[in-house]
1. Just give me the residues in region 113-144 being among the hydroxyl-bearing types (Ser, Thr, Tyr) and more than 20 Å from Ala309 (Cα to Cα), in sequence order.
2. Quick one: Ala119 ticks every box in (1) away from the ligand (no atom under 16 Å from the Cβ); (2) of a type in the set (A, V, I, L, M, F, W, C); (3) in a loop (DSSP other than H, G, I, E, B); (4) open to solvent by less than 20 Å² (accessible area, probe 1.4 Å) bar one, so which box is it?
3. Return the residues of region 140-191 that are open to solvent by 40 Å² or more (accessible area, probe 1.4 Å) and of a type in the set (Ser, Thr, Tyr); say none if nothing qualifies.
4. In region 4-82, which helices (runs of 4 or more DSSP H) lie fully inside it and hold 1 or more residues that are aliphatic (A, V, I, L, M) and touching a Phe, Trp or Tyr at 6+ places or on another chain (Cβ under 6 Å)?
5. Taking the stated definitions as given, is Pro61 more than 10 Å from the ligand (Cβ to nearest atom), open to solvent by 60 Å² or more (accessible area, probe 1.4 Å) and not β-branched (Val, Ile, Thr)?
6. If Leu340 satisfies all but one of (1) over 16 Å from Ala119 (Cα atoms); (2) out of contact with any Phe, Trp or Tyr (no Cβ under 9 Å at 6 or more places or on another chain); (3) open to solvent by 30 Å² or more (accessible area, probe 1.4 Å), what's the number of the condition it fails?
7. Tally up the residues in region 265-291 that are over 18 Å from Phe100 (Cβ atoms), surrounded by 23 or more Cβ atoms within 10 Å (Cβ to Cβ) and not acidic (Asp, Glu), please.
8. List the pairs whose first member sits in region 9-35 and is at negative phi and more than 10 Å from the ligand (Cβ to nearest atom), whose second member is open to solvent by less than 10 Å² (accessible area, probe 1.4 Å) and among the aromatic types (Phe, Trp, Tyr), and whose Cβ atoms are under 9 Å apart, counting only residues at least 6 apart or on separate chains?
Amino acid sequence: AQAVIEADAVIIGAGPVGLFQVFELGLLEIKAHVIDSLAVVGGQCVELYPDKPIYDIPAVPVCTGQELTDNLLKQIEPFEPTFHLGQEVTLVERREDGRFDLETSTGTRFITKTIFIAAGVGSFQPRTLKVEGIEAFEGSQVFYRVKDPTQFHGKNLVICGGGDSALDWALNLVGKAESVVVLHRREDFRAAPASVAKMKELCDNYEMQLTIGQVTGIETKDDVLSEIKVTGADGVTRRMPLDTLLVFFGLSPKLGPIAEWGLDIERKQLKVVNTEKFETNVPGIFAVGDINTYPGKKKLILSGFHEAALAAFGAAPYIFPDKKIHMQYTTTSPKLHKILGVE
Ligand code: FAD
């Protein structure tokens, strides 16, 4: 087992609000660990609209979701947060000493004095194929993400989806897999036009195959998934033999394990006890950004930034019980200049 990490603050979620939480904690000299189930930071801004312009960040007339994320990362650099990406926080439990045990899906364990839940709309999970009996083959013949592409070499693959992930993997695995069929429910693809063109070229050369239709059933032989049933636009269902099915239907957010930590929840949102600290009903656990709710809540990035500032002040007494915390201006405070490394 991995060693337990002792922490002052753990932030769950690396969306814009989780990232800015690092900054606000940093100004109070609190170091943070940041965990996200995605492999990249930026939350919705990066997952849902990296190239779209945002116009309502104060003093930033326009920036894209990716640019906002890059700037936040630059802004928090002085505080050297530790990122733990590609892992979902599964367990949060209060200890007798008032701190919390926290664990992730990959087995990273923490003992922390405070927790900041900046989990947005929940952790992004792959959308699954809704076909009876298919769950039994998840991880053996049916995959929603690729960890080790070599395991698909030499296999007869069917790759479902019309976005970038589906086409990127189809193009990556063609020639290495025994055969590749791209299966998409319509002629239109969301993927980059260049990838679509490349796929069509390979199909014209009989190196890959494109089928328009949807998976509507499966056949098994000796507990092995042997065929899928594919229903086309013409309403006809055809059988398609395969070794492995890769499904890329995009990601959808799920509140997930957060619901099991004893926190007050209202319509999939965490209720905060007050808007002075944005603390939940469990002392030491704060909720900021899209995940929280309180009278007047607006799910805006700028609201999340404000919440992060007050939550940091609210948490400081748990970490420095004997210290008086004063608010200081970054412009003029020599202490903050030192912390920011701008002396
Ligand atoms: P999120 O960005 O949702 O990030 C939460 C992160 O937490 C995710 O990365 C998730 O994977 C992670 N997470 C959740 N649960 C767990 C767990 N158990 N373990 C590990 N990680 C977990 N807002 C504006 O202010 N201006 C705009 O112009 C604007 N435009 C938008 C356009 C679109 C298309 C969309 C979809 C939203 C827009 N928003 C806009 C809303 C804005 O994106 C959200 O308010 C903002 O992303 C919330 O940030 P957050 O950090 O609270 O959560």
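1. First, pick out the residues of region 113-144 that are among the hydroxyl-bearing types (Ser, Thr, Tyr): 114, 123, 128, 140, 144.
Ser123, Thr128, Ser140, Tyr144, listed by residue number.
2. Condition not satisfied by Ala119: (1).
3. Ser140, Thr150, Ser165, Ser179
4. On the way: elements: 16-27, 43-47, 65-76.
Fully inside region 4-82 and qualifying: 16-27, 65-76.
5. Numbers: more than 10 Å from the ligand (Cβ to nearest atom): yes; open to solvent by 60 Å² or more (accessible area, probe 1.4 Å): yes; not β-branched (Val, Ile, Thr): yes.
So Pro61 fits the description; yes.
6. (2)
7. Adding up the residues that qualify gives 1.
8. Ala9/Phe116; Val10/Phe100; Val10/Phe110; Val10/Phe116; Leu25/Phe116; Ala32/Phe116; His33/Phe110
The values are calculated or read from the model by the stated rules, or taken from the named source; none is laboratory data. If you're wondering where the values come from, they're calculated on a predicted model, not measured in any experiment. Note that we place each Cβ from the backbone using ideal geometry, even for glycine, and neighbour counts take in every protein chain shown. These accessible areas exclude ligands, DNA and RNA; they are computed on the full protein's heavy atoms, side chains included. Shrake-Rupley method; radii C 1.70, N 1.55, O 1.52, S 1.80 Å.
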